[in-house]
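Chemist: Below is the structure I would like to discuss, written out as structure tokens.
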Amino acid sequence: MRTLNDFDFKNKKAIIRVDFNVPLDENFKVTDATRIEAAKPTIDAILAQGGSVILMSHLGRPKGIEEKYSLQHILAKTSEILGVPVQFVSNCVGTEANTAAANLKPGEVLLLENLRFHSEEEAGDAAFAKELASLGDIYVNDAFGTAHRAHASTTIIAQFFPKDKCFGLLLAKEIESLNKVLKNSEKPVTAVLGGSKVSSKITVIENILDKVDHMIIGGGMTFTFVKALGGKIGNSICEDDKMELALEILKLAKEKGVQIHLPVDVVAADAFSNDAATQIVAVDKIPDGWQGLDAGPKSLEKIKEVILASKTILWNGPLGVFELENFANGTIALGNFIAEATAKGAFSLVGGGDSVAAVKQFGLENKVSYVSTGGGAMLEMLEGRVLPGIAAILD
Ligand SMILES: Nc1ncnc2c1ncn2[C@@H]1O[C@H](COP(=O)(O)OP(=O)(O)O)[C@@H](O)[C@H]1O
Ligand SMILES: O=C(OP(=O)(O)O)[C@H](O)COP(=O)(O)O
């Protein structure tokens, strides 16, 4: 496993894949900089050796070029955290990027515009990866949060650096910590899966059933299951094409003796807004025009019972739209239950861009055992998979 220690970065240009997919508020201000801070040790180490650094990342899930997903929004924060000026180019490939990279001097940092402004990134296009590769001398992958994606900048690019590629300090630390968890998880093991990335995470549930005793489903993940079971979910988020899979998961869980806990009640709102009217309703009786945005009190009672009886707890995905104060209660309550269980000796692992933001916002960061910068990546690793971003460096 090659790490930073295997290279001398003096007068070299390191092209580093980072995961700067951080939450922004409505004014495009960074609300949680954990992922930028987490990449700092790698960047600092390379600069200290007399190298220069080219940073590349995605932000959000843009469809083509969308200004709201520009990495320009995080430029000032990145510079503040690194304590050095950071140059920026408005296209991650092409003449402007080539010139800026060629002119980069030791000690300097360049940030490239959002990789996902090019569809070739997610398609894993080799020609695009080659263009990115041409910008640097050594490829460093430090993007744990995106290591489960076989994209051009996370995986394909590595083939253009047969020898000059390595793990960044963050990626290496995450692998080591999660491997420890994989080996020593004390039962009962409970996974909590919430959030809104239904299609990319529901598939993980199926594969994680062998590793857990309880699975708590919450947040936006809830409604695909509830609708599949015949419930009325109003305008709540749902992915119809995953309903069959949801039913399969429930069946499989029964066969494997895993207890799945779906919410029984939710806080429903008549709009996706902090000013919306709200009511607590049964999870399967949400009126038309209303949407479930937070866990209800009965659901939280059950969650508390399960969490406090667990010895290992994995959490990814908020239980509600915690960014809006009126729908933060479920996520805060869950965070506190996990903190209580941890204080009593359970091992707790929280991961994901928004989940970590929530944990920090509610002052629980030091009350859980381990905070990972990856959500989907953490879950897929816990499934026992070798993530494509990791495999590409091991080659
Ligand atoms: N019931 C819900 N309806 C819509 N969005 C939700 C709901 N519950 C949680 N969310 C949203 O899920 C988002 C986080 O999901 P996700 O990206 O999967 O988590 P993470 O970033 O921690 O991996 C948050 O922005 C939150 O507002
Ligand atoms: O935020 C991320 O993942 P997470 O929400 O699982 O923590 C990563 O940046 C990956 O983003 P993606 O799920 O759009 O590929």
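What follows is calculated from the coordinates using simple rules that are stated; it is not laboratory data. Keep in mind it's a predicted model, so treat the numbers as computed, not measured. As a convention, Cβ positions derive from the backbone with ideal geometry for all residues, glycine included, and neighbour counts pool all protein chains shown.
Chemist: Can you check what the Kirkwood hydrodynamic radius comes to for the chain, Cα pairs only, in Å to one decimal?
Modeler: After inverting the pairwise mean of 1/r, the radius is 21.7 Å.
Chemist: Taking the highest mean first, how do the peptides 361-367, 168-174 order by number of other beta carbon atoms within 10 angstrom per residue?
Modeler: Ranked from most to least packed, the peptides come out as 168-174, 361-367.
Chemist: Dividing the convex hull volume of the Cα atoms of the stretch 231-360 by its residue count, what figure in Å³ per residue is obtained?
Modeler: Once divided by residue count, the hull of the stretch 231-360 is 115 Å³.
Chemist: Residue by residue through the stretch 93-104, which ³J(HN,Hα) values in whole Hz follow from phi under the Karplus form 6.51 cos²θ - 1.76 cosθ + 1.60 (θ = phi - 60°), with glycine and proline marked x?
Modeler: Karplus values, whole Hz, x for Gly and Pro: 10, x, 4, 4, 5, 4, 5, 4, 5, 5, 8, 5.
Chemist: Rounded to the nearest 10 degrees, what's the angle between the helix 169-183 long axis and the longest principal axis of the chain, both from Cα atoms, 0 to 90?
Modeler: 40
Chemist: Another question, if that's okay. Can you give the % of DSSP beta bridges in the stretch 1-139 that are antiparallel, to the nearest 5?
Modeler: Of those bridges, close to 5 percent are antiparallel.
Chemist: Based on Cβ point charges of +1 for Lys and Arg and -1 for Asp and Glu, what charge dipole magnitude is obtained for the stretch 32-130 about its Cα centre, in debye rounded to the nearest 20?
Modeler: 80
Chemist: For each pair in Lys251/Lys302; Lys173/Lys251; Lys183/Lys256; Lys29/Lys105; Lys29/Lys227, compute the distance between the two Cα atoms and list the pairs where it is over 27 Å.
Modeler: From the list (Lys251/Lys302; Lys173/Lys251; Lys183/Lys256; Lys29/Lys105; Lys29/Lys227), the Cα-Cα distance tops 27 Å for Lys173/Lys251; Lys29/Lys105; Lys29/Lys227.
Chemist: Report the extension gain between Glu80 and Lys251 in nm, rounded to one decimal, defined as 0.36 nm multiplied by the number of residues separating them, less their alpha carbon distance.
Modeler: Result for the pair: 56.5 nm of gain on full extension.
Chemist: Taking the Cα centre of the stretch 251-340 as origin, sum charge times position over the Cβ atoms of Lys and Arg (+1) and Asp and Glu (-1), and report the length of that vector in debye to the nearest 20.
Modeler: It works out to roughly 600 debye.
Chemist: Taking the DSSP beta bridges in the chain as the whole, what percent of them are antiparallel, to the nearest 5?
Modeler: The antiparallel proportion sits near 20 percent.
Chemist: I would also like to ask the following. Mind giving me the nanometre distance, one decimal, between the label points for Asp270 and Asp240, set 7 Å out from Cα along Cα→Cβ?
Modeler: 2.6
Chemist: In nanometres, what is the gap between the two model label sites at Ala282 and Thr3, each 7 Å from Cα along Cα-to-Cβ?
Modeler: 5.5
Chemist: Can you tell me what share of the DSSP beta bridges in the stretch 269-375 is antiparallel? A percent to the nearest 5 is fine.
Modeler: Just about 20 percent of them are antiparallel.
Chemist: Could you work out how far helix 329-343 tilts from the main Cα principal axis of the chain, as a 0 to 90 degree angle to the nearest 10?
Modeler: 80
Chemist: In whole Å, how far is the Cα centre of the stretch 217-232 from that of the stretch 166-184?
Modeler: Using only Cα atoms, the two centres lie 33 Å from each other.
Chemist: How far is the Cα center of the stretch 297-345 from the Cα center of the stretch 1-77, in Å?
Modeler: The distance from the Cα centre of the stretch 297-345 to that of the stretch 1-77 comes to 31 Å.
Chemist: Calculate the translational D of the stretch 47-124 in whole µm² s⁻¹ from Stokes-Einstein, where the hydrodynamic radius comes from the Kirkwood formula applied to all Cα pairs, the temperature is 20 °C and the viscosity 1.002 mPa s.
Modeler: Reported coefficient: 164 µm²/s.
Chemist: Can you tell me the length gained on complete extension of the stretch Gln259 to Phe28, counting 0.36 nm per residue apart and subtracting the Cα distance?
Modeler: Length gained between Gln259 and Phe28: 79.1 nm.
Chemist: Against the globular-protein guess of 2.2 N^0.38 Å, express the Cα radius of gyration of the stretch 297-395 as a ratio, rounded to two decimals.
Modeler: My calculation over the Cα atoms of the stretch 297-395 gives 1.15.
Chemist: Working from Cα positions, state the angle (0 to 90°, nearest 10) between the long axis of helix 243-256 and the longest principal axis of the chain.
Modeler: It works out to around 70 degrees.
Chemist: Cut-off 19 Å, label point 7 angstrom out along Cα-to-Cβ of Lys68: give me the residues of the stretch 305-325 whose amide nitrogen falls inside.
Modeler: What the label zone holds, given the 19 Å backbone N cut-off, is 321-325.
Chemist: At a 10 angstrom cut-off on C-beta neighbours, averaged per residue, how do the peptides 105-114, 6-15 rank from highest to lowest?
Modeler: With the highest mean Cβ count within 10 Å placed first, the list reads 105-114, 6-15.
Chemist: Using helices alone, what [θ] at 222 nm do you get for the chain, with -39,500 (n - 2.57) per DSSP H run of 4 or more residues, divided over all residues and rounded to the nearest 500?
Modeler: Dividing the helical sum by the residues of the chain leaves -10500 deg cm²/dmol.
Chemist: If you don't mind, another one. So what does log10 I(q)/I(0) come out to for the stretch 92-147 at q = 0.17, 0.19, 0.24, 0.31 Å⁻¹, using the Debye formula with one equal point on every Cα and no solvent?
Modeler: -0.61, -0.76, -1.18, -1.46
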